[in-house]
Structures are given as C-alpha cells and as structure tokens.
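What follows draws every value from the coordinates through simple rules; no lab data is involved. Source: prediction; values computed, not measured. All Cβ positions, glycine included, derive from the backbone under ideal geometry; neighbour counts span all protein chains shown.
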Amino acid sequence: MSSMDIVLYVVFFIAGIVIGSFLEVVAYRVPRKISIIKPGSFCPNCGAKIAFYDNIPLISYIILRGRCRKCKAKIPISSFLIELFTGLLFVTNFYFFGISLQIIIGIIFCSVLIVVSFIDIEFRIIPNVIVIPLTIIGLGLNIFKDIATWWHPLAFSAGAFIFMLIINLIYPRGMGMGDVKLSMMMGAFLVKNVIPGLFLGFLAGSIFGIFVIIRKRKLKQMIPFGPFLSAGSIIALFWGNNILKWYTSFF
Ligand SMILES: [Zn+2]
C-alpha cells in the first residue's frame with residue numbers, strides 16, 4: 001500500500017464520519033417531519049443548541065461520554081454507531097472500487113441503507129421520501145455507468161419490486177410495502193447483484209426470526225425487515241459478483 005493510498009483511506013474515513021453525522025440528522029428528523037436543514041443540531045431532550053465543538057463525529061460522543069453537555073441526558077448510542085458504520089463503509093467502498101463511478105454509487109447506496117435501517121428499527125417505516133428519489137438516482141447512475149446495457153438497472157429494479165410485491169401479497173404479515181420499495185431501490189443500485197442481496201437479506205432475517213421464535217417472543221411486529229435487506233445489500237455490493245460467479249459455476 002502506497003502512502004497515497006493511506007492518505008486516501010484516512011480521507012475516506014473522515015469523509016464517512018462527517019457524512020455519518022449528517023445521516024444521523026436525517027434519520028432523526030425525516031420520520032419526525034423536521035427540516036433537515038434548519039434548525040442546527042439540538043439536544044432532543046433539553047433543546048439546547050449543540051456547539052460545533054460538541055458536534056465532532058465520534059470524538060464528541062466519547063469526550064461527552066454519551067451525554068448532553070447541558071442537561072446530561074443520554075445521547076443514543078445509535079448516533080455514535082451511525083458515524084462509525086458510515087466511516088467504515090466509506091473505507092470499504094474505497095478498498096473495493098478505488099476512485100471510480102462505482103464508488104459514488106456504493107457510497108450513496110450505503111448511506112441510504114444506514115438511514116433507512118435506523119429509521120426502520122425505531123419507527124418500523126421506510127419513508128417514500130427517501131426511497132423513491134434514491135431509486136431514481138441509483139437508476140440514473142447505473143444507466144450512465146453501463147450505457148450499452150442501460151435497461152439492466154430498470155429490469156432488475158422492476159423485477160425486485162414485483163418479486164417482493166408477490167411475497168407481500170401472499171404473506172402480508174411478513175413485510176410491508178416499505179420493504180417492497182426498498183427492494184426496488186436495491187435493484188436500482190445493485191443491478192444483477194440484487195439477487196444475492198435479497199437472498200442474503202431473507203437468509204439473515206429468517207435466522208433471526210427463528211431465534212426470536214425459539215425465545216418465544218411475538219414474531220409479528222417484532223422484526224423490522226429493512227436492516228436485514230440492508231445487510232444483504234451491503235454484502236452483495238462488495239461480494240455479489242463473486243457470489244453469482246460461484247453459484248453459476250455449478251451449472
Ligand atoms: Zn440536553
């Protein structure tokens with residue numbers, strides 16, 4: 001690894017945690033219908049404005065020991081985790097894709113998945129206002145990337161939507177329309193890798209579901225499916241080509 005690479009890894013990590021702190025604002029405000037631009041960061045408990053020096057990604061959470069400087073209310077650990085995940089995913093994108101159009105696709109996709117997962121965990125919804133515009137952006141980027149096969153992103157996005165819609169109609173308690181639309185967005189960003197993405201999402205969700213049943217908790221409403229689809233998507237983004245190659249080698 002050259003020293004230039006090391007510099008770029010650091011740059012991507014810092015960019016990731018900074019974007020992560022913005023994603024945290026989005027994940028908090030969109031479901032609560034607060035503007036993501038105004039006002040500036042504030043404590044959800046006492047409403048105090050958060051000074052810039054208390055708003056440094058990762059570091060402020062550690063220095064403040066996860067509490068508001070004014071009222072000492074606990075800052076949710078999710079705010080730290082969002083920043084950390086985003087930083088790590090930005091670095092992973094650089095590792096796999098280098099400086100390319102694909103890294104832009106990967107970074108946007110990972111960022112949206114983080115926001116969607118945290119909103120889904122907290123509210124059990126996947127907002128249209130996020131998923132619909134990002135589907136269009138994903139389609140646009142992938143069509144631009146491989147103009148010769150411009151219809152692939154459209155076909156895989158529509159295919160994922162229809163596939164999930166059928167499952168939703170057969171088994172409506174298993175997932176919501178939010179998951180159907182999330183799958184459409186996955187197709188827009190992952191193109192053919194949406195197949196391993198959905199498969200891995202279902203696999204992870206099922207294993208977790210069985211675990212919950214064994215523990216004799218209520219399955220219904222317990223499990224948001226978005227985070228599993230997101231986890232499957234992230235694996236498919238980086239390893240999907242290898243998974244598909246491995247799978248087709250059996251035929
Ligand atoms: Zn406070």
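By other beta-carbon atoms within 10 Å, ranking MET177, MET186, MET1, MET164 with the fewest at the front produces MET1, MET177, MET164, MET186.
Note on region 1-99: Rg/Rh from Cα positions, Kirkwood definition for Rh, rounded to two decimals, is 1.04.
Within the listed set ILE132, ILE114, ILE19, the Gaussian network model of the chain (springs between alpha-carbon atoms below 10 Å) gives the highest mean-square fluctuation for ILE132.
Greater than 21 Å separation of Cα atoms is the criterion. Which listed pairs, LYS49/LYS74; LYS38/LYS72; LYS145/LYS181; LYS49/LYS72; LYS145/LYS192, meet it?
LYS38/LYS72; LYS145/LYS181
Residues whose amide H comes within less than 5 Å of that of PHE42, counting only those at least five positions distant or on another chain, are ILE50 (H built at 1.01 Å from N in the peptide plane). Ranking of SER2, SER230, SER100 by neighbouring Cβ atoms within 10 Å, starting from the fewest: SER2, SER100, SER230. To the nearest ten degrees, helix 77-97 and the longest principal axis of the Cα atoms of the chain are 50 degrees apart.
Most exposed first by the Cβ proxy, i.e. fewest other Cβ within 10 Å, how do ARG215, ARG124 rank? Walk me through the numbers on the way to the answer.
On the way: ARG215 7, ARG124 16.
Ascending number of Cβ neighbours within 10 Å: ARG215, ARG124.
Oblate is the label for the chain, because the ratio a/c of its alpha-carbon gyration tensor axes (a ≥ b ≥ c) is 1.5 or higher and a/b is not greater than b/c. Just add up the charged neighbours of LEU139: K/R +1, D/E -1, any other residue whose Cβ is under 15 Å from the Cβ of LEU139. Residues near LEU139 contribute +2 overall. Here region 86-146 and region 48-84 have alpha carbon centers that stand 25 Å from each other. Mind checking the angle between helix 151-170 and the chain's longest principal axis? C-alpha axes, 0 to 90 degrees, to the nearest 10. So the helix axis and the longest Cα principal axis differ by about 90 degrees. For the chain, the relative contact order is 17 percent, taking Cα pairs closer than 8 Å that sit 6 or more residues apart in sequence and dividing their mean separation by the residue count.
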